[in-house]
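The values are calculated or read from the model by the stated rules, or taken from the named source; none is laboratory data. All values reported here derive from a predicted model rather than from experimental measurement. All Cβ positions, glycine included, derive from the backbone under ideal geometry; neighbour counts span all protein chains shown.
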Amino acid sequence: MPAAIIQDTNSLEISLLSPADIASRDGVIFDALQPTTGFIASPGIVVTSVYLSGMLERRDKTILGMGVDSSCVLVVNSLGLIVYYAL
């Protein structure tokens, strides 16, 4: 259930990005963001893509008791936090 909530929230945020870009009068929204804020959006996009690909390909392979997609999400989030704190 938590994975579904995370995926749903990320999908909603990403789907609202295009209308926000269209409605913005000052140009592209990513240009107005600080670099760290723009970076934080990137792992969210990658995590959503990984979860969506995990839903498309349903294999029962596991890594340490987790699905392959959940393991990839754990790695992406960990790397994102490490890079974020290094900025």
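The table below gives the values:
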| item | result |
| --- | --- |
| Given (1) at pLDDT 75 or above; (2) over 19 Å from GLY80 (Cβ atoms), index of the condition SER15 fails | (1) |
| In the stretch 26-36, residue modelled with the lowest pLDDT [restricted to those that are assigned to a helix (DSSP H, G or I) and of a type outside the set (S, T, N, Q)] | PHE30 |
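Condition check ((1) surrounded by 15 or more Cβ atoms within 10 Å (Cβ to Cβ); (2) modelled with pLDDT of 80 or more) across all residues:
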site: ASP8; (1), (2): no, no
site: GLY38; (1), (2): no, no
site: SER42; (1), (2): no, yes
site: MET55; (1), (2): no, no
site: ARG58; (1), (2): no, no
site: THR62; (1), (2): no, no
site: VAL76; (1), (2): yes, yes
site: TYR84; (1), (2): no, yes
